[in-house]
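First the structure, in the form of structure tokens, and then the observations on it.
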Amino acid sequence: MRRSAFFLPTLKETPKEAEIVSHRLMLRAGMVRQASAGIYSWLPLGFRVLKKIEQVVREEQDRMGCQEVLMPTIQSADLWRESGRYDAYGPEMLRIKDRHERDMLYGPTNEELITNIFAHSVRSYRDLPKLLYHIQWKFRDEVRPRFGVMRGREFLMKDAYSFDLDFEAARLSYNKFFVAYLRTFARLGLQAIPMEADTGPIGGNLSHEFIILADTGESQVFCDRDFLDVDVLGREIDYADPDEVGSVVDYFTKLYARTDEKHEQAVFEKEVPDVRRYEGRGIEVGHIFYFGSKYSEPLGARVATPEGDEVAVHMGSYGIGVSRLAGGIIEASHDDAGIIWPDAVAPFDVGLINLKPGDSDCARAGEDAYAALARSGLDVLYDERDERAGAKFAEMDLIGLPWQLTIGPRGVKAGSVELKRRASGEKEELSLEAAINKIA
Ligand code: ATP
Ligand code: MG
Ligand code: MG
Ligand code: MG
């Protein structure tokens, strides 16, 4: 992509309405624009990041054996009346009437709809388990939308649902999601900590919020610092082996990690030595939840057991805030100059800067480098505009591409380019070929 053609409306001034760094940087870097309170348009740079995050989430859902579907954003109120949630959900639900005066709503979540689909299609234990997910926009009329995409009213969520015959099987499904979430967040460059969460009237301990630590987070968290240096991606996981999956969950759940909802100071102090106690703020990026037959019972999702009885299936639901993650990743990875994208979600792999595009040798070298990077399968943003060098560098730092490759008159004579790693700021002079090898 040539910078001259790319729609990248960056802002020089820091927008006053933005209270936290990720919101400021997303506006300044031209990633999003607010359409109305808590509702955003995604511009090309932001949209690329959103798609990358979505893809990592998708790959890990697919890997664990969850199948993708796509349910609508608009739902009929009927199913919600059957589950009892139409009234219970309260003012966070956006209620709509169609031209026939039928009650509709913009889905804040999809338990009712997926349970209804399941109830009409699956009748036997032989067809279990079923694990289904979709990545779809949700609407929640939050009292206080704020922090940009972190607490929007319209936001993109991956939500998955599991259907199992009994509690033991449901726990295995839960464990698979637990592990898939660890992998997903680690691939996104995040240290997300699974924290015990409230299960409400269901009871038990099968609810975890995945939380990343950040001073601007809305949750108060208490955890063992040992969480901060676990290597999640170090080993492959065999999802077909319940013991292996269970052992990963056991390891993570034996370390103390709770939000203020479930925190018990005495237990914290007993289980975690002083030096390892972490107390601070965190951002909820995912949430997994086993809730038994809460929806299958009222919505009639029943299957025949091997003994010929009929039982309501055991269910769980599993959310990830895909659009919230765009902000969350920035909260976790930025400096004074701007965003620092982890490789996995960067909108481009490399920014190519031509310091003197008006000079014919530099122009040729720039075009050659642009073509060579593309041939190596790299996604390149080529700044070939006639602008001040300082402005180009500042913009590249702001938008946070992992690598910057600079072409200038001195280097062209010497047959070299300058390569900078955005995260460390480290620079080196080397041949174009060597630079490409480093990046690819
Ligand atoms: P929160 O406590 O932040 O209000 P929640 O517990 O209501 O979130 P869930 O129902 O657990 O949210 O939804 C699953 C995921 O969707 C959350 O973990 C979060 O990442 C994301 N999410 C929820 N509400 C929003 C929102 N208003 N804007 C962006 N993402 C959201
Ligand atoms: Mg909420
Ligand atoms: Mg919550
Ligand atoms: Mg939650």
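A short reminder: the numbers here are calculations on the coordinates, not readings from a lab. The structure displayed is predicted, hence computed values, not measured ones. Every residue, glycine among them, receives a Cβ derived from its backbone with ideal geometry; neighbour counts consider all protein chains shown.
State whether the stretch 356-440 is rounded, prolate or oblate according to the following rule on the C-alpha gyration tensor (a ≥ b ≥ c being the square roots of its eigenvalues): a/c under 1.5 gives rounded; otherwise a/b larger than b/c gives prolate, and the remaining case gives oblate.
Because its axes are fairly even, with a/c under 1.5, the stretch 356-440 counts as rounded.
Relative contact order, percent, of the chain when contacts are C-alpha pairs under 8 Å separated by at least 6 residues?
Worked out over the chain, it gives 17 percent.
Enumerate by residue number the trypsin sites (Lys or Arg not before Pro) in the stretch 82-175 meeting two conditions: DSSP loop (anything except H, G, I, E, B), and at most 16 other Cβ atoms within 10 Å of the site's Cβ.
ARG99, ARG102, ARG123
Along each of the three principal axes of the Cα atoms of the stretch 1-112, give the extent in whole Å, ordering the values from largest to smallest.
Largest first, the stretch 1-112 extends 53, 39, 28 Å along its Cα principal axes.
With +1 on the Cβ of every Lys and Arg and -1 on the Cβ of every Asp and Glu, and nothing else charged, how large is the dipole of the stretch 29-188 about its Cα centre, in debye rounded to the nearest 20?
Dipole of the stretch 29-188, to the nearest 20 debye: 700 debye.
Would you please classify the overall shape of the stretch 170-246 from the alpha carbon gyration tensor, given that a ≥ b ≥ c denote the square roots of the eigenvalues, rounded means a/c under 1.5, and beyond that prolate means a/b larger than b/c while oblate covers the rest?
Oblate shape, in that a/c is at least 1.5 and b/c is the bigger or equal ratio.
Which of the GluC sites (Glu not before Pro) across the stretch 81-187 are loop residues per DSSP, with 12 or fewer other Cβ within 10 Å?
Listed in order of number, the matching sites are GLU101.
Could you give the Stokes-Einstein D for the chain in µm² per second, using the C-alpha Kirkwood radius, 10 °C, 1.306 mPa s?
66
Amide H of MET104: which non-local residues (sequence gap of 5 or more, or other chain) have their own amide H closer than 5 Å, using H built in the peptide plane?
Here ALA77, ILE96, LYS97, ASP98 satisfy the definition.
Straight-line reach from LYS294: which lysines have a Cα under 25 Å away, not including same-chain ones fewer than 8 places off?
Straight-distance partners of LYS294: LYS130, LYS138, LYS158, LYS176, LYS262.
Taking only DSSP H segments of four or more residues, each worth -39500 (n - 2.57), what value at 222 nm results for the chain once the sum is divided by all its residues, to the nearest 500 deg cm²/dmol?
-10000 deg cm²/dmol
Going by a ≥ b ≥ c, the root eigenvalues of the Cα gyration tensor, does the stretch 38-164 fall in the rounded group (a/c under 1.5), the prolate group (a/b larger than b/c) or the oblate group?
Here the stretch 38-164 falls in the oblate category.
Quote the FRET efficiency, to the nearest 0.05, computed for ASP260 versus LYS12 with a Förster distance R0 of 35 Å and r equal to the Cβ-Cβ distance.
For R0 = 35 Å, the calculated efficiency reads 0.30.
What FRET efficiency do you get for ALA374 and ARG33 if R0 is 22 Å and r is their Cβ-Cβ distance, rounded to the nearest 0.05?
Calculated transfer efficiency: 0.15.
Which residues does a label at ALA88 reach in the stretch 275-304, if reach means a backbone N under 15 Å from a point 7 Å past the Cα toward the Cβ?
Residues passing the 15 Å test: 290-300.
Considering the dipole of the chain built from charges on the beta carbon (Lys and Arg +1, Asp and Glu -1) around the Cα centre, which of CYS66, MET157, TYR251 is farthest to its positive end?
MET157
What ranking do HIS314, HIS287 get, fewest neighbouring Cβ atoms within 10 angstrom at the top?
HIS287, HIS314
What is the spin-label model distance, in nm, from TYR251 to GLU19 if the labels are put 7 Å beyond Cα along the C-beta direction?
My value for the distance between the label points is 3.8 nm.
In the stretch 43-87, whose amide N lies under 16 Å from the spot 7 Å out along Cα-to-Cβ of HIS120? List them in ranges.
Residues 70-83 qualify, since their backbone N sits under 16 Å from the label point.
Size of the dipole of the stretch 132-284 about the Cα centre, Lys and Arg at +1 and Asp and Glu at -1 on the beta carbon, nothing else charged, in debye to 20?
Computed charge dipole of the stretch 132-284: roughly 640 debye.
For the pair GLU101 and ARG235, what calculated FRET efficiency results from E = 1/(1 + (r/R0)^6), where r is the Cβ-Cβ distance and R0 = 56 Å, to the nearest 0.05?
The calculated FRET efficiency here is 0.50.
Would you mind calculating the relative contact order of the stretch 61-175 from Cα pairs under 8 angstrom and at least 6 residues apart, reporting the percent as a whole number?
For the stretch 61-175, the relative contact order is 27 percent.
In debye, nearest 20, what is the charge dipole magnitude of the chain about its Cα centre with +1 on Lys and Arg Cβ and -1 on Asp and Glu Cβ, if you could check?
Computed about the Cα centre, the dipole is about 1560 debye.
Go through TYR89, LEU206, SER173 and say which Cα lies farthest out towards the positive end of the charge dipole of the chain; charges sit on Cβ, +1 for Lys and Arg, -1 for Asp and Glu.
Most positive-ward Cα: TYR89.
Rank PHE289, ILE237, THR14 by how far each Cα sits towards the positive end of the charge dipole of the chain (+1 on Lys, Arg Cβ; -1 on Asp, Glu Cβ) and give me just the farthest.
The residue sitting farthest along the positive end of the dipole is THR14.
Give the order of ASP231, ASP103 when sorted by the count of other beta carbons within 10 angstrom, beginning with the fewest.
Fewest to most other Cβ atoms nearby, the residues stand as ASP231, ASP103.
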